[in-house]
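So the structure is just underneath, and the comments pick up after that.
The values are calculated or read from the model by the stated rules, or taken from the named source; none is laboratory data. Everything quoted here is computed from the prediction, not taken from an experiment. Note that we place each Cβ from the backbone using ideal geometry, even for glycine, and neighbour counts take in every protein chain shown. These area figures cover heavy atoms from the full protein model, side chains too; ligands, DNA and RNA do not enter into them. Shrake-Rupley method; radii C 1.70, N 1.55, O 1.52, S 1.80 Å.
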Amino acid sequence: MPHQKTTSERLATFSDAVFAVIITIMVLDLKPPAEPTLRALLPLWPTALSYAVSYLFIAIIWVNHHHLMRFAPHATTRLIWWNFAHLFMISLVPVTTMWIAATRLAAAPVFVYALVFVFIEIAYLAFERTALAQATERDFAPGQRRIAHIRSYLALGLFCSAAVVSFWAPYVGFALVCCVLLIYLSPRLPNLLT
């Protein structure tokens, strides 16, 4: 019987389910105000802000994950394990999101939140390299690979900066984390032939 390579479709389906569970866990932690007034919503701003940012991050991570999986037709052992590492780090987002909300963006929770994104980005870098190793130059040009790696290292640098800054200025640290949203909004990169 010939040895047949496993397609990445099953891995992508599993990952989609994990993303769905993570988002569901986050929304289940949202609680309505005790009073039936609009004024009662004002103290919930840290919860609304941290939830919106985390939800958008998870959506952006999913879009980029989905985009990368197109270049990996086979689920190699390395790809599977880096995918699990990446998903594990993402699964920590709900608890740090609620901690930020409960403490109104205090220094230690923002530091841990940024640190979780440092680990997400490290796992993403490895996952990205492993997925793109299966792509041909026609599918993903060398210039695009360079831009993808630069973008990932820039995001990693911003997350590390956010973690360091958060001890002295947690709002600035949180804002730096939010800046990374702009870097990954679109998974498509320009095609550079040089």
* To the nearest 10 degrees, how steeply does helix 107-132 sit against the main Cα axis of the chain, on a 0 to 90 scale? -> 10 degrees
* Fraction in percent of alpha-carbon pairs per bin - 5 Å, segment 53-108 -> 4, 16, 21, 21, 15, 10, 7, 5, 2
* Structure fact -> With the charge dipole of segment 25-164 built from beta-carbon charges (+1 for Lys and Arg, -1 for Asp and Glu) about the Cα centre, the Cα from Val112, His65, Ser152 projecting farthest to the positive end belongs to Ser152
* **Approximate spin-label separation Ala20-Val172, in nm, with each point projected 7 Å along Cα-to-Cβ** => 4.3 nm
* Cα axis of helix 93-102 to longest principal axis of the chain: angle in degrees, 0 to 90, nearest 10? -> 20 degrees
* Structure fact -> Note on the chain: contact order normalised by length, alpha-carbon pairs under 8 Å, 6 or more apart, percent, works out to 25 percent
* Where in segment 43-77 is the amide nitrogen less than 18 Å from a point lying 7 Å along the Cα-to-Cβ axis of Arg138? -> 70-74
* Asked: Separation between the Tyr153 and Val95 pseudo-spin-labels, each 7 Å from Cα along Cα→Cβ, expressed in nm?
  -> 3.2 nm
* To do: Starting at the first residue of segment 160-177, write each ³J(HN,Hα) from the Karplus equation 6.51 cos²θ - 1.76 cosθ + 1.60 with θ = phi - 60°, in whole Hz, x for Gly and Pro.
  => 5, 4, 4, 5, 5, 5, 4, 5, 9, 9, x, 5, 5, x, 5, 5, 5, 4
* Hey, what's segment 37-194 come to in accessible area per residue, 1.4 Å probe, Å²? -> 49 Å²
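Let me check against my output: what whole-number percent is the relative contact order of segment 1-95, with C-alpha pairs under 8 Å and at least 6 apart? Numbers along the way, then the final one.
Working: 43 pairs, mean separation 52.9, N = 95.
Answer for segment 1-95 is 56 percent.
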* Asked: What do you reckon, how do Asp29, Asp139 stack up by accessible area (1.4 Å probe), largest on top?
  -> Asp139, Asp29
* Dipole magnitude of the chain about its Cα centre (Cβ charges: Lys, Arg +1; Asp, Glu -1), debye to nearest 20 -> 300 debye
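Summarise the accessible area of segment 36-169 (1.4 Å probe, protein heavy atoms) by the percent that is carbon and sulfur.
Values: 4720 of 6410 Å².
Ligands and nucleic acids excluded, carbon and sulfur reach 74 percent.
Just reorder His149, His65, His74 by solvent-accessible area, largest first, 1.4 Å probe, all chains present.
Details: His149 40, His65 5, His74 65 Å².
Sorted by accessible area, descending: His74, His149, His65.
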* Asked: Using the alpha carbon gyration tensor of the chain, what are the three equivalent-ellipsoid semi-axes (square root of 5 times each eigenvalue), largest first, in whole Å?
  -> 34, 20, 14
* Asked: How many nm separate the modelled label positions at Arg10 and Thr37, each set 7 Å beyond the Cα in the direction of the Cβ?
  -> 5.8 nm
* Asked: Ordered by residue, what ³J(HN,Hα) values in Hz, to whole numbers, does segment 78-89 give under the Karplus form 6.51 cos²θ - 1.76 cosθ + 1.60, where θ = phi - 60° and Gly and Pro are x?
  -> 4, 4, 4, 6, 5, 5, 5, 5, 4, 5, 4, 5
* Please identify every one of the GluC sites (Glu not before Pro) in segment 41-144 that sits in a loop by DSSP and has no more than 10 other beta carbons within 10 Å of its own beta carbon. => Glu137
* Asked: Taking one equal scatterer on every alpha-carbon of segment 1-69, how large is log10 of I(q)/I(0) by Debye at q = 0.16, 0.23, 0.26, 0.29 1/Å?
  -> -0.69, -1.00, -1.14, -1.25
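Grab the Cα-Cα distance for Ser186 and Arg78, subtract it from 0.36 nm times how many residues apart they are, and report the gain in nm with one decimal.
Stretched out fully, the Ser186 to Arg78 stretch lengthens by 36.3 nm.
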